[in-house]
Amino acid sequence: FLVIPHFYPARQCEGLQHEMKTILAACGPNEQRTVFSTLNQTGNDYFLNSGDKIRFFFEEKAFDSNGHLTRPIETAVNKVGHALHALNPTFKEFTHDKRNAAIAKILGWKKPVVPQSM
């Protein structure tokens, strides 16, 4: 990864954080409770069919035996994906900012694209 201090203004970063809090607050009790694992997602339709949706993937041990969160949702969620950059206007604007493409080109990418977001 690459860290470029102050590449985006603090206000814009705060806006993204606020938007994510709003998205997480809308994650209702009926939302699929899928734990993200780098080891096995092959049989998980919620994961496999998430390419064109905003979906929530939780940390291991995020839920107790009754299915209730064991911690605040902000720390229980592992990833939000996969179409966050396409479906949410705030994240879409950020993802497609010309500054991102400029950095990718400086790094040698010929045609930078966004295949998915998480």
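The values are calculated or read from the model by the stated rules, or taken from the named source; none is laboratory data. Bear in mind that the values here come from a model prediction, so they are computed numbers and not experimental data. So basically every Cβ, Gly included, is an ideal-geometry build from the backbone, and we count neighbours across all protein chains shown. When the accessible area is computed, the model is the full protein with side chains, heavy atoms only, and any ligands, DNA or RNA have been set aside. Shrake-Rupley method; radii C 1.70, N 1.55, O 1.52, S 1.80 Å.
Taking the range 64-91 as the search range and keeping residues that are part of a helix (DSSP H, G or I), touching a helix residue (DSSP H, G or I) at 6+ places or on another chain (Cβ under 8 Å) and modelled with pLDDT of 95 or more, which one is least open to solvent (accessible area, probe 1.4 Å)?
My answer is Phe91.
Return the residues of the range 101-118 that are open to solvent by 50 Å² or more (accessible area, probe 1.4 Å) and either under 21 Å from Gly51 (Cβ atoms) or of a type in the set (S, T, N, Q) (or both); say none if nothing qualifies.
Answer for the range 101-118, where residues must be open to solvent by 50 Å² or more (accessible area, probe 1.4 Å) and either under 21 Å from Gly51 (Cβ atoms) or of a type in the set (S, T, N, Q) (or both): Lys111, Val113, Val114, Pro115, Gln116, Met118.
For Lys61, are the conditions met, namely being without any contact (Cβ under 8 Å) to a residue 60 or more places away in the chain, outside any helix (DSSP H, G or I) and open to solvent by 80 Å² or more (accessible area, probe 1.4 Å)?
Details: without any contact (Cβ under 8 Å) to a residue 60 or more places away in the chain: yes; outside any helix (DSSP H, G or I): yes; open to solvent by 80 Å² or more (accessible area, probe 1.4 Å): yes.
When the stated conditions are applied, Lys61 passes them.
How many residues are closer than 22 Å to Phe57 by Cα, among the hydrophobic types (A, V, I, L, M, F, W, C) and in a helix (DSSP H, G or I) if we restrict to the range 92-118?
Residues flagged as closer than 22 Å to Phe57 by Cα, among the hydrophobic types (A, V, I, L, M, F, W, C) and in a helix (DSSP H, G or I) within the range 92-118 amount to 1.
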